[in-house]
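Below: the structure, in structure tokens.
Any read-out appearing in this document is the output of simple, stated calculations on the displayed coordinates, not a laboratory observation. Just so it is clear, the model here is predicted, and its values are computed rather than measured. Backbone-built Cβ (ideal geometry, glycine too); neighbour counts: all protein chains shown.
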Amino acid sequence: MAVIEAMDIARVYGKGDISVRALDGVSLTIERGEFVAVMGPSGSGKSTLMNILGCLDRPTEGRYILENLDVSEMSRAELAKIRNERIGFIFQSYNLLVKATALKNVMAPLLYARNIKRSKAEMEAKAQEVLAAVGLEDRVEHMPTELSGGQQQRVAVARALVNDPAFVLADEPTGNLDSRSGEEIMALLHTLHESGRTIVMVTHDSSIATHTERTIHLLDGKVEKIVQNGSAHEQARKIEVQHESA
Amino acid sequence: MNLREFISLAWESISGNKLRSLLTMLGIIIGVASVIIMIGISAGTEAAIEAQITGLGSNLVYINQNFSRGGPSAFQPGGGGGGLVYDDAFAIADNVRGVEAVVVEQPSSETVKAGNVNLESVTILGSTADFPSVRDMELDQGRYFTQQEVDRKQKVAVLGSGLAQELFGDENPIGQTVTVDTTKLTVIGTFEERGLVSGIDFDSQLYTPITVVFQKFTPARFARFLGDRVRQIIVEVESPEVLEGTIEQINLLLARLHDVTLDAADFSVTTQQDIIQTQEATTQAFRSLLAWVAGVSLIVGGIGIMNIMLVSVTERTREIGIRQSIGAAPNDIRGQFLTEAVVLSLIGGVLGVVVGVGGSMIFGAVSDMQTVVVSSSIILAFTSAAAVGIFFGFYPANRASQLDPIEALRHE
């Protein structure tokens, strides 16, 4: 079953003669459990596509169906609800709340959840559990400034997972990390993928993109080509091999 | 997000920026404190005035010579329409129902001597026997003169406490002689200390029968015109209930005696109530002026909050973007910042109440003005602080809620 169905999506900035078509008729389908990379040079429309897939922005034209729900014309408040319930963001610069502990950062999406009402204790338990899953059970009360870049990104991963989203949207997740931490994060993403998560990763780094099952190449606001990189199992092994050699 | 979560978020943000929060609240603190202090001062002034007025004696009706109507030309010896005369007092006492006591006062200013003490310009107040009861004066020593002594023009004197002290020191003044102008009076009593009432210093006066004032202390060249004319007759009525009827009777009686119509009367009747109302109107005006000043300072405080909240929204654009990305709807962001502004205002309100109550007490203690902390002013100040927080917090909060998540996330 398709998690993401983008049909002929266009995003136009400005009006009339000075308008720019950042995205120009992009169609793609991402199935449940897939690990997909979106690649392209700067100006290719990669960020714009990420914003639309992440429901931070709406397409000017075309339809975006997320889990059989048309989100193309939703209001800001409705989109916020979709982001909260169905999308987990991982950003290049982590984007943690700097004045909150790791635990509070992971709890934050639960506070904004409208459909399920949990007690504070339940929220804390859930956040603890997810932090443990990313290997940070002994860092829950640390502030972001007391954590390394890799640890901060793992807090961000935990936060992305805490609401059990339809897919995880990772924007250059290793961009700010040294190679070792970067590999750890990639390994974490692979673990998530193997446990059944759907992951869309935006990157300009082809070596990281090849770790995914499929790479969607964008150019000038259009899908240039889609490359199959191999099965998930193979990709996970690639990482392990790299680890051993490192 | 529910209110409790909003408040805990607001508290985290406020306590994380203590100095700035305090500076932001300063306007509200000053505003609220000034509301409480100003209402305290005006309420204190009002209470002081009220105490003074009731200190004049209760249930009193004042009958005054009406110069504007009678005019100087009305001063003809023995004539009708010539103003109040001494006998009017007896007519009122004898003919009007509901009258408890009637007193006539006629002041004069003379030199007073006793032994080798010599005082210039002492007020000599001629009056009748009911004076102590009508004016609410307590005798310290001796007694007041009787109506018989008034009728017989007995040369006796009762001294105000201050005057007795000045003339005789620690000596017992009873039975001593004082010389007023050239007339010797025997002291038969002294009053207890009374203080200043409505600008009159009752303690420095000398009290003597009004007939003595007519005979001895009215300058000869005026006596021909004035005769036994009096400036004021004070009537004490039995109870407030009969006040209206008594005034009506007095008006009719005096009009008949003076042979005038009520429209062109040569006297006027006022009550304690009239005086209180005039005073109240004055303090009302004073109070509303102070309320305006306090209101303006609250508005200035609110603008301070709006300023800082706008800065705060700009500073925390990234945080807003992060919250939006993890699912905060415009309402959540608006609620967060609005709650912060309101919590700031309310904390400012609490501190303002503390400063205001403390300030009122200190002000009342160190200045000669009386202050009263009115509990309703605390509630008023507090609710207006909350209202200011909501009003001035709304614009920044709304602005925060309308931020574009993509722009906000990109903000450094």
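Quick notes
- Spin-label zone in the stretch A:195-231 - amide nitrogen under 11 Å from a point set 7 Å from the Cα of A:Ser42 along the C-beta vector: none
- Above 29 Å, the calculated P(r) of chain B contains 62 percent of its Cα-Cα pairs.
- Rg and Dmax, both from the Cα atoms of the protein assembly as shown and both in Å, are 45.4, 134.
- The distance from the alpha carbon centre of the stretch A:1-24 to that of the stretch A:64-133 is 26 Å, rounded to a whole number.
- Residues whose placed amide H lies under 5 Å from that of A:Ala113, excluding near-sequence neighbours: none
- Listed by chain and number, the lysines whose alpha-carbon sits under 26 Å from that of B:Lys153, ignoring those within fewer than 8 places in the same chain, are B:Lys113, B:Lys184, B:Lys216.
- Counting Cβ atoms of other protein chains within 10 Å of each residue's Cβ and taking the mean over peptide A:77-88 gives 4.
- Number of partner chain Cβ atoms within 10 Å, mean per residue of B:404-410: 4
- The calculated 222 nm mean residue ellipticity attributable to helices in the protein assembly as shown amounts to -16000 deg cm²/dmol, summing -39500 (n - 2.57) over DSSP H runs of n ≥ 4 and dividing by all residues.
- Cβ crowding within 10 Å ranks B:Ser345, B:Ser297 as B:Ser297, B:Ser345, fewest other Cβ atoms first.
- Amide H contacts of B:Glu100 (H built 1.01 Å from N, in plane; Pro and chain starts excluded): B:Glu236, B:Val237, B:Glu238 sit under 5 Å, all sequence-distant by 5 or more or on other chains.
- Sparsely packed GluC sites (Glu not before Pro) within the stretch A:20-120, loop by DSSP, other Cβ within 10 Å at most 12: A:Glu73
- Annotation: lysines with alpha-carbon distance below 26 angstrom to A:Lys15 (same-chain offsets under eight excluded): A:Lys46, A:Lys222.
- Residue-averaged beta-carbon neighbours from other chains (10 angstrom radius) around B:326-338: 5
- Shape category assigned to chain A from the gyration tensor of Cα positions, a/c cut at 1.5: oblate
- With bins 5 Å wide beginning at 0, the percent of Cα pairs of the stretch A:139-190 falling in each bin runs 5, 19, 31, 23, 17, 5, 0.
- Span from the the stretch B:78-156 Cα centroid across to the the stretch A:181-234 one, whole angstrom: 112
- In the stretch B:363-404, the alpha-carbon atoms span a convex hull of 77 Å³ per residue.
- By DSSP, the beta bridges lying fully in chain A are antiparallel in about 55 percent of cases.
- Across the stretch B:67-265, Cα-Cα pairs farther apart than 19 Å form 62% of the total.
- Amide hydrogen neighbours beyond the local backbone of A:Ile90, cut-off 5 Å, H modeled: A:Leu169, A:Ala170, A:Asp171
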